[in-house]
Amino acid sequence: MYQNEPCRVCSRAMAVDYMVRLWDGQWYCRDCVEAACPGLFSYALKHPRFEESAPFVRGDVWRIALRLEAWIALFFVLLFGAIGYEQHGLMGAIVGIVAAVMSATVQAAVQLPMFVWVTRRMMPTVGVVDGLVSFHRGICKKCGPWTAPLRNFRWRVGRSRQDTGLRNTLAPKQPVVLLLFRRGRWAIFGEERIACGWTEKTRRIWTAFLTLAGVPEYNEKGRG
């Protein structure tokens with residue numbers, strides 16, 4: 001029994017068990033899919049919907065937060081210590097250092113839990129099925145995901161904090177795939193950048209799928 005629709009890439013019509021319908025709603029043959037990403041054919045058969053949530057590892061985020069706070073504390077220790085030493089000698093430096101440590105401790109106790117909370121709430125979840133991309137962040141689960149046709153997107157490989165919602169958070173810096181989407185022709189905030197492909201495996205899947213589906217890759221030089 002042959003599949004009625006031919007492969008989108010090579011235009012060959014093949015047996016049904018040699019074809020797979022990817023998440024753009026189009027049919028592809030095993031050869032083209034496996035050439036793009038080994039293992040993608042069987043993965044797509046088992047996952048009619050492709051969805052990925054950004055991982056949130058609390059310990060990693062807290063380590064980033066504490067490391068940042070340590071640098072801030074060191075800056076103020078040196079600053080207050082130098083000012084105190086200049087004005088009152090060694091005793092002034094000691095008082096300045098103690099004041100800086102106490103201020104940094106209070107600041108960390110107030111701000112760091114909030115920064116960790118915001119980071120968690122801004123982690124994106126992205127799904128795609130039948131040519132429709134859905135997206136939401138933890139901070140707006142109640143309002144539901146917004147959706148847009150896959151054809152309205154571009155993509156490129158980038159870094160996690162280039163995601164629109166993760167720019168000023170404590171999200172770990174790592175390579176991801178960025179989906180680029182302009183919500184309107186005259187969008188106030190410009191192009192939305194959504195991070196996906198948080199593991200090496202999912203990066204390979206996203207990259208291969210977007211390439212097979214003909215989603216244009218954004219080229220910084222050529223603006224493609």
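None of the figures in this text is laboratory data; all of them are computed from the coordinates on show. In this text the structure is predicted, and so the values were computed from the model without any measurement. Because the Cβ atoms are built from the backbone with ideal geometry, glycine has one as well, and the counts that use them run over all protein chains shown.
The charge dipole of the stretch 56-122, taken about the Cα centre with unit charges on the Cβ atoms of Lys, Arg (+1) and Asp, Glu (-1), comes to about 400 debye, rounded to the nearest 20.
The fraction of all Cα pairs in the stretch 10-85 landing in successive 5 Å bins from 0 to the largest distance is 3, 12, 14, 12, 6, 5, 6, 6, 6, 6, 6, 5, 5, 4, 2, 1, 0, given as whole percents.
Each part reduced to its alpha carbon centroid, the stretch 106-127 and the stretch 1-52 end up 39 Å apart.
Projecting the Cα positions of Val9, Trp117, Phe80 onto the charge dipole of the chain (unit charges on Cβ atoms of Lys, Arg, Asp and Glu, taken about the Cα centre) puts Val9 furthest along the positive direction. Each of Glu52, Glu200, Glu5 was scored by other Cβ atoms within 10 Å of its Cβ. Arranged with the fewest first, they read Glu200, Glu5, Glu52.
For Phe50, the residues 5 or more places off, or on other chains, whose built amide H falls under 5 Å of its own are Val128. From its DSSP helices (H runs of at least four residues, each -39,500 (n - 2.57)), the chain gives a residue-normalised ellipticity at 222 nm of -14000 deg cm²/dmol. Of all DSSP bridge pairs formed entirely within the chain, close to 95 percent run antiparallel. Residues whose amide H comes within less than 5 Å of that of Gly131, counting only those at least five positions distant or on another chain, are Asp24, Gly25 (H built at 1.01 Å from N in the peptide plane).
In the neighborhood of Met122, defined by Cβ-to-Cβ distances under 10 Å, what is the net charge if each Lys or Arg adds +1 and each Asp or Glu adds -1? Spelling it out: positives minus negatives among the neighbours equals +3. On a per residue basis, the convex hull of the C-alpha atoms belonging to the chain measures out at 168 Å³.
Relative contact order of the stretch 56-122, taken over Cα pairs closer than 8 Å and 6 or more residues apart, is 33 percent. When the convex hull of its Cα atoms is viewed from all sides, the stretch 56-122 shows a mean projected area of 4.4 nm².
Remark: the chain carries a charge dipole of roughly 360 debye about the Cα centre, counting +1 on each Lys and Arg Cβ and -1 on each Asp and Glu Cβ. Build a GNM of the chain with springs between Cα atoms under 10 Å apart, and of Ala73, Ala109, Ala44 the one that fluctuates most is Ala109.
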